[in-house]
Amino acid sequence: MLTRSLELVVLLTLVGLVVAPARRTGERFLVRWGVRRPSKRQAQLAARHLRQRRLLYPICWVFGPAIVLVVAELRSDGPGTESQRALALLASVLAAVILAELVAAVRGRGTADRRRWRELAPWWAVAVHLAILGMAAAQGIAVAAAGVVGAAGVYSVVLLAAQYRADPDTALDPVLRTRSARVAVGAGIGLALALLYLGSAQHPAGTRIGGTAGLVAATVAGLAAWLGCRSRRGGSPSRSSRPPNADR
């Protein structure tokens, strides 16, 4: 029953994501990330950036479960089956987000313009992600394999964002690049936590690293890192404003 309810919630969420962001959505997004008084054109471009990725999420969700398939089959029955399937479902959605961001980054590469990856994603959030990933990998080969594939997707997005422009607009470009990198790292953190919990379910005492205390510490650190990826602090999005007479 729990899994069926979660599947329904996920399906409804994915349908909601498909709804195309309007120009006002793009404008609010840019203001949040430091672009003062964005022009109509900038808001439209930002909305298109978001729309392209949201349309990819449900498409890539079909392929996302393949990344965590072996983990989803850790147990087929017995105690904990429902919770494990729910975690596997969550992991598949997060894997789909990473895959969608990667596909969009590859397709939307602009001219080469190198930036340091630390300008796009908080270094400490990356460190937390790798630490949780290491804990998850210690649970078994299946979890480790899924984690490596997920991490490869995450840091491919980050490196592409650091190497190539997302848009010729000098005010818009750093915001879009920062957003892509942070969404990927945030989804990677969530995926690593889901894999850690899936792997720890195999062991009566919980995770092999730190037991229950290790799980709690990883969860708290992961949540803090995810929130850090949603914050403007720790990166360098553009703070440029539109020209005084720009069309709104």
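Taken together, the values in this text are just the output of simple stated rules run on the coordinates, not laboratory data. Note that the coordinates shown come from a computational prediction; the quantities given were computed from them, not determined experimentally. In this analysis, Cβ positions are derived from the backbone assuming ideal geometry, glycine residues included, and neighbour counts consider all displayed protein chains.
Couple of notes before you dig in:
- Here the extension length gained between residue 111 and residue 216 equals 33.5 nm, from 0.36 nm per residue of separation less the Cα-Cα distance.
- Long-range HN-HN contacts of residue 164 with modeled amide H, under 5 Å: 113
- Panel order for 60, 229, by other beta carbons found within 10 Å of each beta carbon, from fewest to most: 60, 229.
- Full extension of the chain segment joining residue 44 with residue 227 gains 63.2 nm, where the gain is 0.36 nm per residue of separation less the Cα-Cα distance.
- Exposure proxy order (Cβ contacts within 10 Å, fewest to most) of 94, 223, 102: 223, 102, 94
- Going from the fewest other Cβ atoms within 10 Å to the most, the residues 111, 25, 212 appear in the order 111, 212, 25.
- Report note on the peptides 184-193, 141-150: ranked by the mean count of other C-beta atoms within 10 Å, highest first, their order is 184-193, 141-150.
- The calculated FRET efficiency for the pair residue 31 and residue 123, based on their C-beta separation and a Förster distance of 22 Å, comes to about 0.25.
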